[in-house]
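A.B. asks: The structure is given below, and queries will be raised subsequently.
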Amino acid sequence: MVKSIVTGVAMACAVLAAQAQEQQQDTTPPQNAQLQKQEIAKGEPSRWNQADQTPAAQTRTLRKEIGAALAEARQACMKGPASDRDSCMKEAQQTYKDDMSKVPQILAENKSR
């Protein structure tokens with residue numbers, strides 16, 4: 001009897017772990033996932049291999065990446081427990097603000113490489 005209980009608990013833990021892992025991996029917003037699939041189907045765009053030529057373009061790209069990270073973090077917050085959602089969203093927003101405030105520093109570091 002103890003063996004069957006232990007086996008049942010182990011199986012339940014495995015199922016919960018698989019579900020948690022699946023939820024953590026899928027943080028891309030659905031509209032972005034669809035666009036990604038369309039782009040991948042077309043093959044790698046040549047623009048992916050071209051560096052931004054101007055500081056304005058570099059700034060635009062970095063801000064876009066930071067915004068995408070915020071969207072993914074918000075999506076992850078929405079999939080998490082409701083009790084943690086408010087603090088998760090606040091943390092995501094604070095990370096976004098911190099990252100945006102560091103844009104000039106990041107660009108300067110990238111330029112020196």
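The values are calculated or read from the model by the stated rules, or taken from the named source; none is laboratory data. Worth saying up front: this structure is predicted, and the values here are computed from it rather than measured. All Cβ positions, even for glycine, are placed from backbone atoms using ideal geometry, and neighbour counts span all protein chains on display.
A.B. asks: Would you mind finding the one in PRO81, PRO55 that is touching a Leu at 6+ places or on another chain (Cβ under 8 Å) and of a type outside the set (Ser, Thr, Tyr)? Lay out the reasoning, then the answer.
C.D. replies: Working: PRO81 fails: touching a Leu at 6+ places or on another chain (Cβ under 8 Å).
Just one listed residue meets the conditions, PRO55.
A.B. asks: Hey, another quick one. Restricting attention to segment 32-72, report how many residues are on the phi > 0 side of the Ramachandran plot and aromatic (Phe, Trp, Tyr). Before the answer, list the steps.
C.D. replies: To start, the set of residues in segment 32-72 that are on the phi > 0 side of the Ramachandran plot comprises 43.
Still in the running and aromatic (Phe, Trp, Tyr): none.
The total comes to 0.
A.B. asks: Given the criterion touching a Lys or Arg at 6+ places or on another chain (Cβ under 8 Å) and of a type in the set (A, V, I, L, M), identify the matching residue among ALA56, ALA92, ALA108, ALA41. Full working, then the answer.
C.D. replies: Values: ALA56 fails: touching a Lys or Arg at 6+ places or on another chain (Cβ under 8 Å); ALA108 fails: touching a Lys or Arg at 6+ places or on another chain (Cβ under 8 Å); ALA41 fails: touching a Lys or Arg at 6+ places or on another chain (Cβ under 8 Å).
Within the list ALA56, ALA92, ALA108, ALA41, the selection yields ALA92.
A.B. asks: Sticking with this structure for a sec: Just checking, which of ALA41, ALA10 is at pLDDT below 85 and surrounded by fewer than 11 Cβ atoms within 10 Å (Cβ to Cβ)?
C.D. replies: Numbers: ALA41 fails: at pLDDT below 85.
ALA10 is the lone residue from the list that is at pLDDT below 85 and surrounded by fewer than 11 Cβ atoms within 10 Å (Cβ to Cβ).
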